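Here's the structure, in structure tokens; my notes come after.
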């Protein structure tokens, strides 16, 4: 491999490629958001992946699924396969643990990761993934988008960083009991929501940027949490007002006392 | 079987700050880290540090032959931590810092003294993993006594989940 390959990103730090290559990163959900994320992680130089998606390519995915072609929709190619093709095309030596199932059905590989990027479409799934990340000491980055309204549709989205020992998605005000209850009333069905490629690209790029910052700390921000709000009407990404107005930086919902495999306690 | 050790950036920072503090007579400091077990693929084990226990200044014994010697109160404190963590399968790891860079290796004194503590820890917390963490200026390694094992296994990696992330991999250790 030419030493020139990463010369344009050497500002990330003198040993940054070494650190990036030793970091194990998971992407849960390889659809509209996850396909962008995978592509960028492979370009940046990540070598160790744990990836999950049980879905196949359909015609309705072609408006946003990076790497998918018409023939993939006809053949119902697994999204997992597309992700592997993208990774190996750029990183032939990469170690990819891919699973065509929900992460909960094969949770052990996820635990080895240092970073997990969740590209999920419902609150409950986000909550469960964040809990796992806290329990097994993993940085969690969440991305998601939605389109609200019919007469004058508005695109919204979020990129969230939740790190062990710091604010979680409940502390930040993103994951609320009301949102979880509303979703539960629909039996957890997120429904067929509008999805388009360009917000997914913005959100995925922001998530990869935040992941690189966690891995290398090239910005020297030292900030273990973030909630960035995407506004598709004015094409901006800004820090959430809700988060900015929070007075605390400690999390009452998770503690180190919850780390490790759950065990039964004698009463 | 893969063994991986993880600790948060906050715990790592707390350890480093404490171990680098000068002591009145001891040439170096030591401490203990509580840690819990997680399961990985193929019977692999994940060891997750939960908190650091610094050794109080007056629990060091003045012994010019070694960098640091701790008294029975310090050991009893570690045993108490194991006892209170039994229901959560929380074990304890001796931790200290070597000043050089590179992958740290236990000194002869480390090998002579630290493993002696393990049978006691295992007697109190027989379902937990115990062991030793060695830090250097730019690396880390962990020796893990899994439940029921008389000999340690070297962890494949020690990860610090902070900012930046650090992943210290086992390289030349036998």
- request: Considering every residue within region B:46-55, establish whether at least one is at negative phi, more than 14 Å from chain A (Cβ to nearest Cβ) and out of contact with any strand residue (DSSP E or B) (no Cβ under 9 Å at 6 or more places or on another chain).
  value: no
message: Looking at (1) surrounded by 12 or more Cβ atoms within 10 Å (Cβ to Cβ); (2) more than 11 Å from chain B (Cβ to nearest Cβ); (3) farther than 18 Å from residue B:8 by Cα; (4) modelled with pLDDT of 90 or more, which one does residue A:246 not meet, given that it meets all the others?
response: (4)
field: Criterion: over 20 Å from residue A:200 (Cα atoms) and buried (at least 22 other Cβ atoms within 10 Å of the Cβ) - qualifying residue of A:101, A:119, A:168
entry: A:168
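Yes/no per residue for (1) outside any loop (DSSP other than H, G, I, E, B); (2) within 14 Å of chain A (Cβ to nearest Cβ):
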{"site": "B:132", "(1), (2)": "yes, no"}
{"site": "B:141", "(1), (2)": "yes, no"}
{"site": "B:148", "(1), (2)": "no, no"}
{"site": "B:168", "(1), (2)": "yes, yes"}
statement: The helices (runs of 4 or more DSSP H) lying wholly within region A:15-96 that contain at least 2 residues that are at pLDDT 95 or above and in contact with a strand residue (DSSP E or B) (Cβ under 6 Å, 6 or more places away or on another chain) are A:32-44, A:79-90
message: Residue under question is residue A:133, and the condition is that it be within 24 Å of residue B:48 (Cβ to Cβ), in a loop (DSSP other than H, G, I, E, B), within 14 Å of another protein chain (Cβ to nearest Cβ) and modelled with pLDDT of 95 or more; does it hold?
response: no
Filtered residues of region B:87-130 (kept if assigned to a strand (DSSP E or B) and within 18 Å of residue B:75 (Cβ to Cβ)): B:90, B:91, B:92, B:93, B:94, B:95, B:96, B:130
Region A:101-116 residues that are within 11 Å of another protein chain (Cβ to nearest Cβ) and in contact (Cβ under 8 Å) with a residue 40 or more places away in the chain, paired with ones that are surrounded by fewer than 17 Cβ atoms within 10 Å (Cβ to Cβ) and in a helix (DSSP H, G or I) (beta carbon under 7 Å, 6 or more apart): A:109/B:41
- prompt: When residue A:121 is evaluated against the numbered criteria (1) part of a helix (DSSP H, G or I); (2) more than 14 Å from every other protein chain (Cβ to nearest Cβ); (3) closer than 25 Å to residue A:158 by Cα; (4) in contact with a strand residue (DSSP E or B) (Cβ under 8 Å, 6 or more places away or on another chain), which criterion, by number, is the only one it fails?
  reply: (1)
- prompt: Which number in (1) away from chain A (no Cβ under 14 Å); (2) at pLDDT 95 or above marks the one condition that residue B:161 misses?
  reply: (1)
- request: Identify the residue in region B:18-44 that is touching a residue at least 24 places away in the same chain (Cβ under 8 Å) and under 14 Å from residue B:90 (Cβ atoms) and, among all such residues, is farthest from the other protein chains (Cβ to nearest Cβ).
  value: B:32
message: Just checking, does region A:187-210 include any residue being outside any strand (DSSP E or B), within 14 Å of chain B (Cβ to nearest Cβ) and either more than 21 Å from residue A:22 (Cβ to Cβ) or touching a residue at least 24 places away in the same chain (Cβ under 8 Å) (or both)?
response: yes
query: Out of the residues in region A:214-223 that are in a loop (DSSP other than H, G, I, E, B) and either out of contact with any helix residue (DSSP H, G or I) (no Cβ under 8 Å at 6 or more places or on another chain) or modelled with pLDDT of 95 or more (or both), which is nearest to the other protein chains (Cβ to nearest Cβ)?
result: A:217
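The values are calculated or read from the model by the stated rules, or taken from the named source; none is laboratory data. The model shown is predicted, which means the values in this text are computed figures rather than measured ones. Cβ: placed from backbone, ideal geometry, glycine included. Neighbour counts: every protein chain shown.
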